[in-house]
Amino acid sequence: MRLHLLKSKIHNAIVTSGDLEYEGSITIDSDLLELAEMLPNEKVLCVNNNNGERFETYIIEGKPGSREIQLNGAAARCALPGDEIIIMTFAEIEAEEAKAFKPMILIVDHANNPKRRHRVGEEDKQL
């Protein structure tokens, strides 16, 4: 049996912009992607902490150091610049492997600067 588990999360990210005319996706600073162990084109589930909206899209790699979290296409209607969102990826994992799997959590400040990073159940590492 395979289970769907949280693989990684960027917690409390602030939407910096939106582009309704783009074909769709979320653009994320490549530095944040690396720290959160996320990949371009990976499917994400996003939760808007301001209005409760949940939406799925895929990642586009943004410019390193930009701290950009831009919603594109239809996703730009789900959160406004300044809204706080949680960005999550998931993985299918065999049930036995899932018992020991620990997701990566990246916590950012209100300027999308990385603050802390850790695997679930492990001690935070200040960044």
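The values are calculated or read from the model by the stated rules, or taken from the named source; none is laboratory data. Because the structure is a prediction, the values reported are computed rather than measured. Ideal geometry is used to build each Cβ from the backbone, glycine not excepted, and the neighbour counts take in all protein chains shown. Areas reflect the complete protein model, heavy atoms only, side chains present, ligands, DNA and RNA absent. Shrake-Rupley method; radii C 1.70, N 1.55, O 1.52, S 1.80 Å.
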If we only count strands (runs of 3 or more DSSP E) wholly inside the range 1-41, which ones have 2 or more residues that are under 11 Å from the mean Cα position of the chain (by Cα) and closer than 17 Å to residue 75 by Cβ?
2-14, 25-29
Of everything in the range 96-127, what is outside any strand (DSSP E or B) and open to solvent by less than 30 Å² (accessible area, probe 1.4 Å)? Give them in sequence order.
98, 103, 112
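I'd like the residue in the range 6-16 that is on the phi < 0 side of the Ramachandran plot and polar (S, T, N, Q) and, out of all such residues, is most open to solvent (accessible area, probe 1.4 Å). Walk me through how you get there before you give the answer.
Of the residues in the range 6-16, the ones on the phi < 0 side of the Ramachandran plot are 6-11, 13-16.
Cutting the leftovers down to polar (S, T, N, Q) gives us 8, 16.
Working: 8: 0, 16: 68 Å².
Out of the qualifying residues, it is 16.
Among the residues of the range 46-56, is any in contact with a His (Cβ under 9 Å, 6 or more places away or on another chain), part of a strand (DSSP E or B), of a type outside the set (A, V, I, L, M) and within 22 Å of residue 104 (Cβ to Cβ)?
Step one: list which residues in the range 46-56 are in contact with a His (Cβ under 9 Å, 6 or more places away or on another chain), which gives none.
Looking through the range 46-56, none of the residues is in contact with a His (Cβ under 9 Å, 6 or more places away or on another chain), part of a strand (DSSP E or B), of a type outside the set (A, V, I, L, M) and within 22 Å of residue 104 (Cβ to Cβ).
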Flagged pairs (Cβ under 7 angstrom, 6 or more apart or on separate chains; first in the range 5-18, closer than 18 Å to residue 68 by Cβ; second at pLDDT below 95 and not hydrophobic (A, V, I, L, M, F, W, C)) are none
Looking only at the range 86-95, count how many residues are within 26 Å of residue 1 (Cβ to Cβ) and surrounded by 11 or more Cβ atoms within 10 Å (Cβ to Cβ).
6
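Condition first: aromatic (Phe, Trp, Tyr) and open to solvent by 40 Å² or more (accessible area, probe 1.4 Å). Can you find one or more residues in the range 37-56 that meet it? Reasoning before the result, please.
Step one: list which residues in the range 37-56 are aromatic (Phe, Trp, Tyr), which gives 55.
Among the residues that remain, those that are also open to solvent by 40 Å² or more (accessible area, probe 1.4 Å) are: none.
Checked the range 37-56: no residue is aromatic (Phe, Trp, Tyr) and open to solvent by 40 Å² or more (accessible area, probe 1.4 Å).
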Does residue 28 fit the bill of being out of contact with any helix residue (DSSP H, G or I) (no Cβ under 7 Å at 6 or more places or on another chain), crowded, with 21+ Cβ neighbours inside 10 Å and at pLDDT 95 or above?
yes
Name the single residue, out of those in the range 57-85 being closer than 19 Å to residue 108 by Cβ, without any contact (Cβ under 8 Å) to a residue 40 or more places away in the chain and outside any loop (DSSP other than H, G, I, E, B), that is most open to solvent (accessible area, probe 1.4 Å).
61
